[in-house]
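The values are calculated or read from the model by the stated rules, or taken from the named source; none is laboratory data. This one's a predicted model, so the numbers in the text were calculated from it and none came from an experiment. Glycine also receives a Cβ, built like all others from the backbone with ideal geometry; neighbour counts cover every protein chain displayed. Remember, those area values only see protein heavy atoms, side chains included, never the ligands or the DNA or RNA. Shrake-Rupley method; radii C 1.70, N 1.55, O 1.52, S 1.80 Å.
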Amino acid sequence: MLEIKNLHVQIEDKRILNGLNLTVNKGEIAAIMGPNGSGKSTLSYVLAGKEDYEVLDGEILLDGENLLEMEPDERAAVGVFLAFQYPLEIPGVASMTFLKATLNAQRKARGEEELSTPDFIKRVNAAAQQLEIPKDMLKRALNVGFSGGEKKRMEILQMALLQPSFCILDETDSGLDIDALRIVSEGVNALRSPDRAFLVITHYQRLLNHIVPDTVHVMHSGRIVKSGGKELALELEASGYAEYRTGEAA
Amino acid sequence: MPAVQETIDQVRSIDVDQYKYGFETEVEMEKAPKGLSEDVIRFISAKKGEPEWMLQWRLDAYKRWLTMKEPNWARVSYDKIDYNDIYYYAAPKKNPAPKSLDEVDPEIVRTYEKLGIPLREQEILAGVEPRNRVAVDAVFDSVSVATTFKEELKKAGVIFMPISEAIREYPELVKQYLGSVVPVTDNYFATLNSAVFTDGSFVYVPPGVRCPMELSTYFRINEKNTGQFERTLIIADKGSYVSYLEGCTAPKRDENQLHAAVVELVALDDAEIKYSTVQNWYPGDAQGKGGIYNFVTKRGDCRGKNSVITWTQVETGSAITWKYPSCILRGDNSRGEFYSIAVSNGMQQVDSGTKMIHLGKNTTSRIISKGIAAGKSDNTYRGLVSAHRKATGARNFTNCDSLLIGNECGAHTVPYIESKNASAVFEHEATTSKISEDQMFYCQQRGLSEEEATALIVNGFVKDVLQQLPMEFAVEAQKLISISLEGSVG
């Protein structure tokens, strides 16, 4: 599904990723863990196509297609979804309006018919109910005045609606209390499917108790330094990242 | 929601060339000799078959104008205008005063069709709910070429006709109100207009009548080197209501053209006037060549108690806009409202805002202004809120927001507040924001293209004002804003 080969990335002359290799298969949930500054968020932005990140070398293939040649909206249309760590506010634009505009833009880009309004509303309501999102929240301007938990639930709602094939969760657990964490995790688990892959970026084991990964990768200094099964996350929780820091300038 | 989608479709369908009303109509025109003089004014007055008092009024204005200086306080800059290099009157040669649509030059009828303004009543009627009908007065350069639904409006007692006709048919009404809100001596451009105005609309709504349909005037400048000096006068008698919409376009030309209009509104006791403008004059090209100079004086007088005047404007065109639709809140408990969206792109310069003059007791006013600057344009909000010493209990709420797209444009807010009454309460809020790269990236990550994302964010920004427009026009306005901002990103 996703293949990253020898990826080198810099931002404003600062090297962030240094020859990163990663493969995520269809149906797999891959977790990326690592200390602050190891390049986890950079990886998510580069996958989604944010400007300012300069790719020096390497390639990213999604189902054999070269993502690096696509604009962010084209990547979205082929199935890349990034759940932001800090979702943006769009004043004056009702969440419902935003959802419909994005869904139809993607359908159009793929040459599909636009969804009729009744069908659209049915889908939104079903997804919103599962994520315990009240209807009045859908009428409010997107993310404006939302609590941290509401913002994260709105991200997952968008994911549920857009049905992407490759989902990146960038520290989705940050700023969530226990209840919100449970709701969000259940939302993600409901989307698990043999046709869909997830890249879950997190600092903590906590999220992985709810969203159980198939593989865990440890990232450090812009590379994957260790890979293993879900038990690797538990080891990290016990021992911390200290062993990977050896040789680093203090 | 559907409107947003339409905006997106519209943006998609637009080519590199954004201004789609820039075509020219080939009609043989009769013009006054170039330049401004007493003779030219006599020529215009004679063409209109005006009574002597009207000619005298014009000549007095002209004498006054000769002593005045062009104002220079606005935050706009342009080459000096040569007032003797302009034609002040241009009318289709064939039948300048048609009695019915059959007499109008078919080229002109086609022009309005191309602009999306049907002039044939039967075409307007087809498939339209009666309550959604709009009566149109079509002004082509210096003359009104057609006015629809006149008969039906007459049944309700509403007078809706070209002002040149009203001067002949209702001289007493015109004499009583013309210049009573914007005096002949008001300002340089208003005085010039008083001397040379050619056509525009006249509306009178009798006491207690709710005008049965929306009224609108569509202004089209077609002829080269010609100024348009329209004059509109709307009177809402006691307890009446009228909603009026004005639209404007012009062909693309390399030289600048002057549009100096005067609009006067009078609302008597318990009357309400809603005046909406969708201004889309040719803005000039990307280098700032050509475009309309829009120097306009618009003022409403809430003369009676409990009267209401609402200005709603969507300004997307013109090379330079100099315009401050204002309200004089004379009647006790009267209310003035100003809702504005001013979009500037390319090299456009906008200096626009409003004045709310509180004279009566317990008068209230509300100002919501949204300025959007893109390209290398400059966008200034200039507003005055004042309370006379007798204006006990006056209240104003002002909110002006500016949105910047890109790094080369400017937004400025210049509010003036004067209160001579201690009980007056004036509130002012202002914000300036930029569409951030992060917002754009977020929208694009969800599948919206750069243009779609900009349109969506801008729509959210102007929502409060669009809600004030009549429904059909709100959709139009939304499309227009997107088109104006086309090419502003990236």
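Name the residue, out of A:Gly39, A:Gly111, A:Gly27, whose mean-square fluctuation peaks in a Gaussian network model built on chain A with Cα pairs under 10 Å.
A:Gly111
If you take the accessible area of B alone plus A alone and subtract the pair, what total do you get in square angstrom, rounded to 100, with a 1.4 Å probe?
In total, chains B and A hide about 2500 Å² from solvent.
Sort A:Glu59, A:Glu243, A:Glu171 by accessible area with a 1.4 Å probe, largest first.
A:Glu243, A:Glu59, A:Glu171
In straight Cα distance, which lysines are under 18 Å from B:Lys93, not counting same-chain residues fewer than 8 positions off?
Output for B:Lys93: B:Lys31, B:Lys34, B:Lys47, B:Lys48, B:Lys224.
What percent do you get for the relative contact order of chain B when only Cα pairs under 8 Å and 6+ apart count? Numbers along the way, then the final one.
Details: 1271 pairs, mean separation 55.9, N = 490.
Here the relative contact order equals 11 percent.
Convert each backbone phi in region B:174-183 into a coupling constant with the Karplus relation 6.51 cos²θ - 1.76 cosθ + 1.60 (shift: θ = phi - 60°), then list the ³J(HN,Hα) values in order as whole Hz, x for Gly and Pro.
For region B:174-183, the Karplus-derived couplings read 5, 4, 5, 10, 4, x, 7, 9, 10, x Hz, x marking Gly and Pro.
Straight-line reach from B:Lys238: which aspartates and glutamates have a Cα under 12 Å away, not including same-chain ones fewer than 8 places off?
Once the sequence-local aspartates and glutamates are set aside, what remains near B:Lys238 is B:Asp269, B:Asp270, B:Glu272.
Cross-link candidates for A:Lys108: which lysines have Cα within less than 21 Å, leaving aside residues fewer than 8 places away along the same chain?
Answer for A:Lys108, where 21 Å is the Cα cut-off: A:Lys100, A:Lys122, B:Lys479, listed by chain and number.
Could you provide, to the nearest whole Å², the per residue accessible area of region B:319-474 with probe 1.4 Å?
For region B:319-474, the solvent-accessible area averages 36 Å² per residue.
Grab the Cα-Cα distance for A:Glu112 and A:Val144, subtract it from 0.36 nm times how many residues apart they are, and report the gain in nm with one decimal.
This chain segment gains 8.4 nm when fully extended.
Longer than 22 Å from Cα to Cα, which of B:Lys150/B:Lys323; A:Lys50/A:Lys230; B:Lys323/B:Lys376 are they? Say none if no pair is. List each step's numbers first, then the result.
Values: B:Lys150/B:Lys323 30 Å; A:Lys50/A:Lys230 30 Å; B:Lys323/B:Lys376 20 Å.
Exceeds cut-off: B:Lys150/B:Lys323; A:Lys50/A:Lys230.
Mind listing the phi-derived Karplus ³J(HN,Hα) values for region B:452-466, rounded to whole Hz, using 6.51, -1.76 and 1.60 with θ = phi - 60°, and x for any glycine or proline?
Working through the residues one at a time gives 4, 5, 4, 4, 5, 5, 5, 4, x, 5, 9, 3, 4, 7, 4 Hz.
Label points 7 Å out from Cα along the Cβ direction at B:Thr432 and A:Asn189: separation in nm?
Calculated label separation equals 5.1 nm.
Could you sort A:Asp170, B:Asp332 by their accessible area in this structure, using a 1.4 Å probe and putting the largest first?
Numbers: A:Asp170 0, B:Asp332 70 Å².
Of A:Asp170, B:Asp332, the descending order of accessible area is B:Asp332, A:Asp170.
What average number of partner chain Cβ atoms lie no more than 10 Å from the Cβ of the residues making up B:455-464?
Whole-number average of other-chain Cβ neighbours for B:455-464 is 4.
Other chains' Cβ within 10 Å of A:97-110 residues: what's the mean?
That works out to 6 on average.
Looking only at other chains, what is the average number of their beta-carbon atoms within 10 angstrom of each beta-carbon in A:82-93?
5
Using DSSP, restrict attention to beta bridges with both residues in the protein assembly as shown and report what percent are antiparallel, rounded to the nearest 5.
Just about 20 percent of them are antiparallel.
Over chain A, with a Gaussian network built from C-alpha contacts below 10 Å, which listed residue (A:Leu17, A:Leu103, A:Leu115) shows the highest mean-square fluctuation?
In the Gaussian network model the winner is A:Leu115.
Could you go through region A:5-17 in sequence order and give the Karplus-derived ³J(HN,Hα) for each residue, using 6.51 cos²θ - 1.76 cosθ + 1.60 with θ = phi - 60°, rounded to whole Hz, and x for Gly and Pro?
10, 6, 7, 10, 9, 10, 10, 6, 6, 9, 6, 10, 9
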